[in-house]
Amino acid sequence: MLAALGIWLVMSPFLLFSQEVLLRGLADREMLVFMIFGFGILLMCSRATQGHLFMRVAPVVATGGVLIAVPTVLGFTGHHVAAANAWVSGSVLIALAAWEALVSQKQYTIV
């Protein structure tokens, strides 16, 4: 699921933004942010197969939190599609990290 979200972030500017916005360069900053975060998430997926739970979950939660804050920090809240994409994607990242923490905790619980 995490890899799918990374691919979505890389491809989302081309799927969500209109051709006119892309051709005029009106969403260059937003496109760059989504592509950097997407490639970063894909890199995290390739490295997070083993290790301590905290080392797998903490970077994903931090990335989700930063992705939620990015529209406000970089000032592209006026571009509603980009802001909504960042907020939803960041929330999904945090939910996926919480889900992984709960699932791995249940695997090691002795009844």
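Step through the residues of segment 75-88 one at a time and calculate ³J(HN,Hα) from phi using the Karplus curve (6.51 cos²θ - 1.76 cosθ + 1.60, θ = phi - 60°), rounding each to whole Hz and writing x for Gly and Pro.
Each residue of segment 75-88 in turn: x, 10, 6, x, 8, 4, 5, 5, 5, 5, 4, 5, 5, 5 Hz.
Charges only on Cβ, +1 for Lys and Arg, -1 for Asp and Glu: so what's the dipole of segment 2-107 about the Cα centre, in debye to the nearest 20?
Values: 5 positive and 4 negative charges, 52 e Å.
For segment 2-107, the charge dipole is close to 260 debye.
What is the helix-to-structure angle for 53-74, meaning the angle in degrees between its Cα long axis and the longest Cα principal axis of the chain, kept from 0 to 90 and rounded to the nearest 10?
20
Between Ser104 and Leu26, what is the label-to-label distance in nm when each label sits 7 Å out along the Cα-to-Cβ direction?
Going from the Ser104 label point to the Leu26 one covers 4.3 nm.
Where does each of 79-92, 14-27 land if you order them by average Cβ count within 10 Å, highest first?
Details: 79-92: 18.3, 14-27: 12.5.
Result, highest mean Cβ count within 10 Å first: 79-92, 14-27.
Enter the angle in degrees (range 0 to 90, nearest 10) between the Cα long axis of helix 28-47 and the first principal axis of the Cα atoms of the chain, meaning the one along which they spread out most.
Orientation of helix 28-47: about 20 degrees from the principal axis.
Just so you know, all these numbers are worked out from the coordinates, no wet-lab data involved. Treat the numbers as computed from the prediction; the structure is a model and nothing was measured. Every residue, glycine as well, gets a Cβ built from its backbone with ideal geometry; the counts of neighbours run over all protein chains shown.
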